[in-house]
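Asker: Here it is, the structure, as structure tokens.
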2 protein chains.
Amino acid sequence: MRPERLTDRTALEPLLKAGWTLAQDREAIEKTFRFADFRAAFGWMTSVALMAEKLDHHPEWRNVYRTVEVTLVTHSANGLTELDIRLATEMDKLAE
Amino acid sequence: MRPERLTDRTALEPLLKAGWTLAQDREAIEKTFRFADFRAAFGWMTSVALMAEKLDHHPEWRNVYRTVEVTLVTHSANGLTELDIRLATEMDKLAE
């Protein structure tokens, strides 16, 4: 089933409180995660990758040593959907 | 031992023939790798991550589904060193 774009932004509020921000140039959310070192950063990425495969929804992300910059968007919907909320929430949990 | 910047660019030639390019804005090399899908892309990233830890030299990289854009530079040398040549060569081998 193709996910539909969020019409109610209420669902984003917990994420915005948790450090996610809306992208400037498109309907997407962004967050930068920082870890102790590369091993911790990539370990987290690996957990997220398994979750992403399960959801069949994948992040755009950039890793430089212990930092991972994440952008979430549902390309097929050209905006944010429930899948982005779910993946963002899982990313936060896995980074705790 | 702190690696020294390459003075002889000959060492770069095999990489430039293999699709690596010099960055425009700094002394670094770049390449975009494309795979069959996310699983293949992230599988390759995982192999590279283990190699990077072994070398204690890490890539800057951005992954979007099946694509991985890589930049290699030795930050401590503010340019390219033997470590970048080694990591780039290993990345190519692992992508074969």
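Asker: Any lysines with Cα under 30 Å of the B:Lys31 Cα? List them, leaving off those in the same chain fewer than 8 positions away.
Answerer: A:Lys31, A:Lys54, B:Lys17, B:Lys54, B:Lys93
Asker: Here is a follow-up. Scan around B:Arg66 for amide H atoms under 5 Å from its own, H built in the peptide plane at 1.01 Å from N, and keep only partners 5 or more places away or cross-chain.
Answerer: Amide H to amide H, under 5 Å and 5 or more residues apart or across chains, B:Arg66 pairs with nothing.
Asker: Moving on to the next point. To test your reading of the geometry: what angle, between 0 and 90 degrees and rounded to tens, separates the Cα axis of helix B:82-95 from the longest principal axis of chain B?
Answerer: Helix B:82-95 sits roughly 20 degrees off the main axis of chain B.
Asker: Can you give the angle from 0 to 90° between the axis of helix A:38-55 and the longest principal axis of chain A, with both taken from C-alpha atoms, to the nearest 10?
Answerer: On a 0 to 90 degree scale, this one is about 30.
Asker: Take A:Lys93, B:Lys31 and order them by how many other Cβ atoms sit within 10 Å, fewest up front. Before the final figure, lay out each step's value.
Answerer: Values: A:Lys93 10, B:Lys31 20.
The most exposed by this proxy come first: A:Lys93, B:Lys31.
Coordinate-derived values only; no laboratory data. Keep in mind that this is a model prediction, so the values were computed, not measured. Ideal geometry is used to build each Cβ from the backbone, glycine not excepted, and the neighbour counts take in all protein chains shown.
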